[in-house]
Amino acid sequence: MHSTVICPGSFDPVTLGHIDIITRASGMFDNVIVGVFANGEKHPVFSMEERIGFLQRTVGDIPNVRVIGCDGLLAQCAKDLGASAVVRGLRAVSDFEYEFQMALTNRKLNPELDTVFLASDASYTYLSSSIVKNVAYHGGDITNFVPAEIHDEVFNRIKALKG
Ligand code: PNS
């Protein structure tokens, strides 16, 4: 049985798709750690503190969910935190190759670490943090993409990047 799992991501920013996965994971496992990581392949718009804050404001009141910032390898962080599985959402077949590669790498680094994939809710299959940033940058409506609690802050920060 997996009692403690980790939902890792860069969450730049958290979207309604992420919230759906975290909420569903919280109904399946005793303890869900939301781990906010740096992704070496991406340059975040929001600082680690901001990204953690956005998550705390949106999923922080779910009793078995804890939001933390993580540094380093996911496989090692999971071990240190006592998490026996990684939970990731799968939106489409196009996600699979990257996710499968990560899952196998993490398992090689930490043979006790499994990865559980949750099928994304059909209404969020198109959604990503990059899409949110792209739409907001051009002043588009992101109401249906991010939690209401963080909408204004996210929208104003990203829109301001355009000047
Ligand atoms: O939300 P993202 O950007 O798809 O999340 C990717 C993330 C943060 C889960 C991944 O980049 C990661 O695990 N980073 C931590 C460093 C690590 O363990 N790298 C090796 C995994 S293959």
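The values are calculated or read from the model by the stated rules, or taken from the named source; none is laboratory data. Note that the coordinates shown come from a computational prediction; the quantities given were computed from them, not determined experimentally. Positions of Cβ are generated from backbone atoms using ideal geometry, with glycine treated the same way; all protein chains shown enter the neighbour counts. Remember, those area values only see protein heavy atoms, side chains included, never the ligands or the DNA or RNA. Shrake-Rupley method; radii C 1.70, N 1.55, O 1.52, S 1.80 Å.
Table for the structure above
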item	result
Meets criteria (closer than 18 Å to E153 by Cβ and either within 9 Å of the ligand (Cβ to nearest atom) or modelled with pLDDT under 95 (or both)) for V45	no
Every residue from region 120-134 that is crowded, with 17+ Cβ neighbours inside 10 Å and assigned to a helix (DSSP H, G or I)	Y124, S129, V132, K133
Any hit, region 39-46, residues being open to solvent by 10 Å² or more (accessible area, probe 1.4 Å) and part of a helix (DSSP H, G or I)	no
Unmet requirement for N106, which otherwise passes all of (1) in contact (Cβ under 8 Å) with a residue 60 or more places away in the chain; (2) part of a helix (DSSP H, G or I)	(1)
Matching entry among F11, F29 (being of a type in the set (F, W, Y), within 8 Å of the ligand (Cβ to nearest atom) and at pLDDT 95 or above)	F11
Scope region 56-110; condition more than 21 Å from V14 (Cα to Cα), more than 15 Å from the ligand (Cβ to nearest atom) and surrounded by fewer than 15 Cβ atoms within 10 Å (Cβ to Cβ); matching residues	G82, V93
Residue within region 26-47 that is of a type in the set (F, W, Y), over 16 Å from L127 (Cβ atoms) and in contact with a Lys or Arg (Cβ under 9 Å, 6 or more places away or on another chain) present	yes
Filtered residues of region 135-149 (kept if open to solvent by less than 60 Å² (accessible area, probe 1.4 Å) and touching a residue at least 40 places away in the same chain (Cβ under 8 Å))	F145, V146, P147
Where a residue in region 77-88 is within 16 Å of V116 (Cα to Cα) and its partner, wherever it lies, is open to solvent by 50 Å² or more (accessible area, probe 1.4 Å), with Cβ under 7 Å and at least six apart	S84/H2; S84/E112; S84/D114; A85/H2; A85/D114; R88/F117
Residue check, E99 of a type outside the set (A, V, I, L, M, F, W, C) and either touching a residue at least 24 places away in the same chain (Cβ under 8 Å) or under 23 Å from S123 (Cβ atoms) (or both)	yes
Criterion violated by F117 - all others in (1) assigned to a helix (DSSP H, G or I); (2) open to solvent by less than 90 Å² (accessible area, probe 1.4 Å); (3) over 19 Å from D12 (Cβ atoms); (4) away from the ligand (no atom under 12 Å from the Cβ) satisfied	(1)
The lone exception for A83 - which of (1) assigned to a loop (DSSP other than H, G, I, E, B); (2) out of contact with any helix residue (DSSP H, G or I) (no Cβ under 9 Å at 6 or more places or on another chain) it fails	(2)
